[in-house]
1. Is one or more of the residues making up segment 296-307 among the small types (Gly, Ala, Ser) and in the same structural domain as SER227 (by TED's automatic domain parsing)?
2. Look at segment 105-140 and say how many of its residues are within 14 Å of the ligand (Cβ to nearest atom), in contact with a Gly (Cβ under 8 Å, 6 or more places away or on another chain) and of a type in the set (A, V, I, L, M, F, W, C).
3. Please give the number of the condition ASP148 fails out of (1) at pLDDT 95 or above; (2) part of a loop (DSSP other than H, G, I, E, B).
4. ARG364 fails exactly one of the following numbered conditions: (1) under 17 Å from ARG31 (Cα atoms); (2) modelled with pLDDT of 95 or more. What is the number of that condition?
5. Tell me which residues, restricted to segment 265-287, are of a type outside the set (Val, Ile, Thr) and either on the phi > 0 side of the Ramachandran plot or within 12 Å of the ligand (Cβ to nearest atom) (or both).
6. Would you mind telling me which numbered condition in (1) buried (at least 21 other Cβ atoms within 10 Å of the Cβ); (2) aliphatic (A, V, I, L, M); (3) in contact with a Lys or Arg (Cβ under 6 Å, 6 or more places away or on another chain) ALA207 fails?
7. Within segment 177-201, track down each residue that is part of a loop (DSSP other than H, G, I, E, B) and farther than 23 Å from PRO366 by Cβ.
8. List the pairs whose first member sits in segment 39-67 and is closer than 25 Å to ARG301 by Cβ, whose second member is assigned to a strand (DSSP E or B), and whose Cβ atoms are under 8 Å apart, counting only residues at least 6 apart or on separate chains?
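The values are calculated or read from the model by the stated rules, or taken from the named source; none is laboratory data. In this text the structure is predicted, and so the values were computed from the model without any measurement. Reconstructed Cβ throughout: ideal geometry from the backbone, glycine too, with neighbour counts over all protein chains shown.
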Amino acid sequence: MTEVQVATTRPELEQRLGAELSRLRAAHLYRTRRVIDGNHGVILHVDGRALINFCSNDYLGLASDPRIAEAARRASTHCGWGSGAAALISGYNREHAALEESLADFLGRPRALLFTSGWAANLGVLRALFGKQDTLLCDNLNHASLIDGARLSGAQYRRIAHGDTAAYAEELAVAEGAGTGALGIVTDSVFSMDGDLADLRGLTALAEQHRATLIVDDAHGFGVLGSDGRGACEHLLGRGAAAPAVYIATLGKSLGAAGAFVAGSDVLIEYLIQRARTWVFSTAPPPATAAAARAALEIIRTEPEHRLRLLGNIAHFRRGAAALNLPLLPSMTAIQPLVLGDAASALAASRRLYDRGYWVAAIRPPTVPTGTSRLRITLSAAHTLDQIDGLLAALAAA
Ligand SMILES: *Cc1c(COP(=O)(O)O)cnc(C)c1O
């Protein structure tokens, strides 16, 4: 029998992990998954129960739209499933190219580049574009992937108080006086846990004034905001206004598909093709997922009724919540958080709703600052008014 050698550090590591897990449990910060059977629409099936889903980012109800699944089915019949390699090697399919062209065309930008996820896009873009001679100004409620990407770039990291445009102006003036490197302003457009909007008008002006590059992550705006679903920039700046130099959005939220993209100038996209490591060294997504996203984009382009129904649902929910004196944050987007304070309260409220048949996730640290644990209620075009009234009644009772 051969003897198996166990690395000596292993028990210590196991012990450390075990201790940390115990600490998380005691602090009500332990996280678990539930398995969904079947599709991820408004009604979720878990352990034989049907629950009404109020925490998805599938704002238009497209994730379970049969037309999108059908587009993927058709493409996979034609192309098979895997792409087999990174795009620069042999993984770049006609379906990927068609999606990139459709996205660029929809946004009125010269080019778009498809990534496997928003996380990969943010890491890849920030690392590729900035280095240690540069300075990045980042809203302190930015998504984790923007924080990691900015850190990974090695640039000077300046945390800006949430939504404080004047603080950006001050930091830009300081950074401009101090160095020769590039300046970047990095922000979510719709803040994912609060649902509020960045001051894109103010930031666009500051970027122009200080020759900084504006990088906008529109994960929760693309497809949903703006009169034509072109996202937060269309909503806040109007059509035809100067778009941010670097625009990033995911295809896994309002499009109900998967993947993400960066849109911008020809030079930007060509540079990313050479240098964005999460893109260069990663297998291209299955062609069928690109076909699915393109079908979703076509629905967004031609069927404004989903966006209008979502707006109606948001208004209906906020009216009902106001009548119940529920302390919602002042958000006009599909993200409607109810801050409860400590992690235990948020978890208990989420459990009580679950028992009543409503699935609303409790969001706790480190996703949100300590003391601001919340129910992150998200609305979809696919909710009926009855379902929303049912949730309101359950919230009042819970
Ligand atoms: C969800 C999200 C991402 C990550 O996108 P994925 O495609 O899910 O990896 C990035 N930024 C923001 C603001 C997000 O909400």
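1. Scanning segment 296-307 turns up at least one residue that is among the small types (Gly, Ala, Ser) and in the same structural domain as SER227 (by TED's automatic domain parsing).
2. Number of matching residues: 5.
3. It fails just one condition, (2).
4. (2)
5. Result: PRO285, single match.
6. Only one criterion is unmet by ALA207, namely (3).
7. Hits for segment 177-201 are GLY179, THR180, GLY181, ALA182, ASP199.
8. HIS40/ASN53; GLY41/ASN53; VAL42/ILE52; VAL42/ASN53; SER56/THR378; ASN57/THR378; TYR59/THR378
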